[in-house]
Amino acid sequence: MSGAARTNTRDIARAAVRAELTQVAFELFLRDGFDKVTLDDLASAAGVSRSTFLRYFGTKEDAVLGAFDAHGNWVAEALRARPADEDDWTALRRALDTVIQRYHQDPAGSLATTRLVRETPALCARQLEKQHGWRPTLARALAERHGSSGSPSLADTVRAAAALDCLNIALDHWTASDGDLDLVALLDEAFAALAP
């Protein structure tokens, strides 16, 4: 067996265990409340040791929010792939489709996750912190669209921050409607409110 195949198999197994631990944690958080569940509770419910759980997630917040880690890079890649003649604001809006796509794939699960994050101060703060880390990535992608290999401009950074705020506000309205409102339409409306 080659090293690449062994690594690939190991990565697949690790991802499967991580997904299972995430599901167990999420169900426990929904049942008992995020603040009442300890790392020991999570490990016990998953049938693993505390140290094993911590190898996959450094904190209990990460057990919920780990799924969002790659989103900033996905949006940046989608932004770079947008047509060169498209204005930045439209390109940002279209690039965010990569994030909201998952909400369409599993509306009920996405609503439950979003509600848990929005209603739990520790999760909400950690999610905003993660998104703050996406901002420079998106600003760099905007700068690259203009052919710049240097630092993003102030305008690039402001546009990236505004796009993420539009996403959050659309998600807030979608969650408040119990998922009845169309998330795509809400995001379009949020972007239209700031269109140049």
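The values are calculated or read from the model by the stated rules, or taken from the named source; none is laboratory data. None of the values given here were measured: they were computed from a predicted structure. Cβ sites come from the backbone with ideal geometry, for glycine too, and all protein chains shown count toward neighbours. Note: areas computed on protein heavy atoms with side chains; ligands, DNA, RNA excluded. Shrake-Rupley method; radii C 1.70, N 1.55, O 1.52, S 1.80 Å.
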The condition of being charged (D, E, K, R), farther than 30 Å from Lys60 by Cα and surrounded by fewer than 17 Cβ atoms within 10 Å (Cβ to Cβ) holds, among Glu189, Glu129, Glu119, only for Glu189
Arg145 meets each of (1) of a type outside the set (Ser, Thr, Tyr); (2) in contact with an Asp or Glu (Cβ under 8 Å, 6 or more places away or on another chain); (3) open to solvent by less than 40 Å² (accessible area, probe 1.4 Å) with one exception, condition (3)
Subset of region 32-79, residues open to solvent by 40 Å² or more (accessible area, probe 1.4 Å), aliphatic (A, V, I, L, M) and part of a helix (DSSP H, G or I), comes to Ala45, Leu54, Ala67
Pairing a residue in region 161-183 that is hydrophobic (A, V, I, L, M, F, W, C) with any residue that is open to solvent by 20 Å² or more (accessible area, probe 1.4 Å) and in a loop (DSSP other than H, G, I, E, B), where Cβ atoms lie under 6 Å and the two sit 6 or more apart in sequence or on different chains, gives Ala162/Leu194; Trp174/Leu181
Cβ pairs under 7 Å, 6+ apart or interchain, first in region 10-24 and surrounded by 15 or more Cβ atoms within 10 Å (Cβ to Cβ), second among the small types (Gly, Ala, Ser) and at pLDDT below 85, ordered by first then second residue, are Thr22/Gly66; Thr22/Ala67
Counting only residues in region 63-92 that are among the charged types (D, E, K, R) and at pLDDT 90 or above, the one nearest to Ala15 (Cα to Cα) is identified as Glu77
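Taking the options Asp178, Asp172, Asp188, Asp156, name whichever one is of a type outside the set (Lys, Arg) and assigned to a loop (DSSP other than H, G, I, E, B).
Numbers: Asp172 fails: assigned to a loop (DSSP other than H, G, I, E, B); Asp188 fails: assigned to a loop (DSSP other than H, G, I, E, B); Asp156 fails: assigned to a loop (DSSP other than H, G, I, E, B).
Checking each option against the conditions leaves just Asp178.
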Checked region 153-167 for anything loosely packed, with under 14 Cβ neighbours inside 10 Å and within 18 Å of the chain's Cα centre (by Cα); matches are Asp165
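Of all residues in region 100-112, count the ones that are out of contact with any Gly (no Cβ under 6 Å at 6 or more places or on another chain), open to solvent by 20 Å² or more (accessible area, probe 1.4 Å) and either among the acidic types (Asp, Glu) or in contact (Cβ under 8 Å) with a residue 40 or more places away in the chain (or both).
Kept after step one, since they are out of contact with any Gly (no Cβ under 6 Å at 6 or more places or on another chain), are these residues of region 100-112: 100-106, 108-110, 112.
Next cut, open to solvent by 20 Å² or more (accessible area, probe 1.4 Å) only: 101-102, 104-106, 108-109, 112.
Of the ones still in play, those that are also either among the acidic types (Asp, Glu) or in contact (Cβ under 8 Å) with a residue 40 or more places away in the chain (or both) are 104, 106, 108, 112.
Final tally of qualifying residues: 4.
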